[in-house]
Amino acid sequence: MTSYTTAFLSKLLVSSSLLTMEQVQQVRTNENDVRSRILKDQLSGANRREHYEVSPAEVIADFEFVTPANARLSENLIMQTIARAAKLPFEKPDPLKLNSDVIAATMTRPFARRHTCVPLRKEDGRVIVAVDNPFDKQFLQDLHNVIAGDVSIVVSPKTDIRQIITEVYGFRGSIAKAEASQNDRKNLGNLEQLVRLREDRELEATDQPVINAVEYLLRYAFEQRASDIHIEPKREQTHVRLRIDGVLHTIYTFPKVVHPPFISRLKMLARMDISEKRRPQDGRIKTQHDDIEIELRVSSLPVAFGEKIVIRVFDPGQLIQSLDTIGFYPDILKEWRRFMGQPTGLVLVTGPTGSGKTTTLYSTLKELARPDVNITTVEDPIEMVYEEFNQVLVQKRVDVTFSNALKTILRQDPDIVMIGEIRDAETAKMATQAALTGHLVFSTLHTNDTASTVSRLLDLGVEPFLLSSTLLGVMAQRLVRRICPHCIQDTELTQEQIHLLNIKLPPRSGQSLPVKYGAGCIQCRNTGYYSRDGVFELLGIDDTIRTLINERASSPKIRKAARSNGMMSLRECALKKLAQGVTTFEEVLSVSSDDK
């Protein structure tokens, strides 16, 4: 029987050329101190009564060594080496693909925690179980006795196994307790229900199992880099979905009876009216994750089977970035910064919901913010509170609209004004007037490209001579998913794909184009993508475009003139990122149409 010790693992890593003898000596010298610190960290707070054994992999990973091949000796790399030594497959569990019902029905939480193991799924009648110590033969034999039926073992990082145990058993346990509590209330007699209606409503919002379930969900969403959380009531169940890198994933379902208290808890945190279930409502939650303040924008909507809640997650690190990191090419960024440096004028950003307009504008304003500059924004809603701006919230109930707020803002001595969105003729005219009277104005508009934005403003009643004299530029943008840097591979476009992208090639048979794609790995949950990047089309207003605006020229004419002046279209920008290995063929097709 193999003795799974730090000395054994060190020897294994040396033989695999992942550790040097000097590093082994560091481990021997400092092992006890590292082990004590890890144990202290793991048993702090709510876990202080738990039995915990520090594994050799945890000890060595804590040193954060660099291998002879100049790679970081992470827990994942260590566990892959252990799996090869044990002649078992390694698997990095994907939290989005776990079946919580299988996990809970197969193994109890105390057993899973005690032995650091968790069932991942069922395949062809076999239960796939992740363990962190494949050398404990007695435990593996006990595992076959505990689980009815065939068992297959895979090796996984201890950190991932414990995280799954906490999230799945914790969330499921909280939901089960909440379900039992709600069922008990549902069985009360009518008279008692009537008397206790107010108390029941309060309990819905403060019941401890529901509080735990909500906190588990939020923490899980933060860890998965989710931008949106959807809680959707169906006929029999409630579905929870997360949007990650622009794609929705269903991660949980729970009984319908738990839906009302779950929604009430979220509405209470967001300072919404928990008694009002017939009208849409909006609210905000400010919380922390890993010592970073995160803002959540909560929106409720009555649908066929109850109230649907969507929570938009605003991570300051994602929402406000350096303009150098959001995907601009140097020539586009140079032109954008030229707009930013103008003392007056109107600058517009356009694109559909979720195209990154807010990130671009907030990042721009952050770069412009200085003690000698007065920046005021009017937004509906305020996406994220940022103290360097003076932010005004649109409140139609008290007649604080975009146009009314803008009238007052212009009396507040602003240097730069940001209007969240131009939605109507009055706001369009006010924005133009503000730019004309000596202010730099930024705003957004929902149009497909830059040229149609000009036409849209003319349709809203802005006079051509005013627009041509105030408009500095328009930028259309989209987001594409970036290829995961950990599993990027070479490939080629087929003739059919080249035709779909309308790429003109010299007439040589069999010609193909080299590009990149993501093969899928543990870092990207086998999607092949990690994070997103911006695709931009920037229309600068020159004398030719001003003449066309004054003539009320159509969008195609304005676009044709801009293209002849060298404007890079959304499709060309996306194709450039495809050629550079930033994104894939599928992403290019999804965010851009053929150039005209």
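The table below lists the values:
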quantity	calculated
Alpha-carbon Rg/Rh ratio, for the stretch 416-478, with Rh computed the Kirkwood way	0.91
Calculated on alpha-carbon atoms, Rg and Dmax of the stretch 220-310 in Å	13.1, 39
Net charge, Thr444 excluded, C-beta distance under 15 Å - Lys, Arg +1, Asp, Glu -1	-3
Mean ellipticity per residue at 222 nm, deg cm²/dmol - from DSSP H runs of n ≥ 4 across the chain, formula -39500 (n - 2.57)	-12000 deg cm²/dmol
Residue-span extension gain [Ile292 to Leu39] - 0.36 nm each, minus C-alpha spacing	88.6 nm
Rh (Kirkwood; distinct C-alpha pairs) - the stretch 373-532, Å	19.5 Å
Principal axis dimensions, largest first and in whole angstrom, of the stretch 479-568 by Cα	55, 36, 16
For the chain, alpha-carbon Rg relative to the globular expectation (2.2 N^0.38 Å, N residues)	1.15
Cβ-based net charge around Gln477, under 12 Å, with every Lys or Arg adding one and every Asp or Glu removing one	0
Sorted by Cβ neighbour density within 10 Å, fewest at the top, the residues Val591, Val398	Val398, Val591
Fraction of antiparallel bridges per DSSP, the chain only, in percent to nearest 5	70 percent
Span from the the stretch 385-413 Cα centroid across to the the stretch 114-129 one, whole angstrom	56 Å
Per-peptide average of other Cβ atoms within 10 Å, ordering 254-262, 157-165 highest first	254-262, 157-165
Label-to-label distance, nm, for residues given as Glu223 and Ser590 (7 Å Cα→Cβ offset)	2.5 nm
Using alpha carbons only: equivalent-ellipsoid semi-axes of the stretch 1-85, gyration tensor based, whole Å	24, 14, 12
The stretch 208-233 and the stretch 417-467: distance between their alpha carbon centers, rounded to Å	38 Å
Ordering of 524-535, 145-156 by burial proxy (mean other Cβ atoms within 10 Å per residue, highest first)	524-535, 145-156
Percent of beta bridges antiparallel (DSSP, the stretch 328-473, rounded to nearest 5)	5 percent
Estimated vicinal HN-Hα couplings, Hz - the stretch 532-543 in sequence order (Karplus 6.51, -1.76, 1.60; Gly, Pro = x)	9, 9, x, 10, 10, 10, 10, 9, x, 8, 10, 4
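We did not get these values from a lab; they are worked out from the coordinates using the rules stated. Note that this is a predicted model, so its numbers are computed, not measured. Cβ coordinates were reconstructed from backbone atoms using ideal geometry, including for glycine residues, and neighbour counts include every protein chain displayed.
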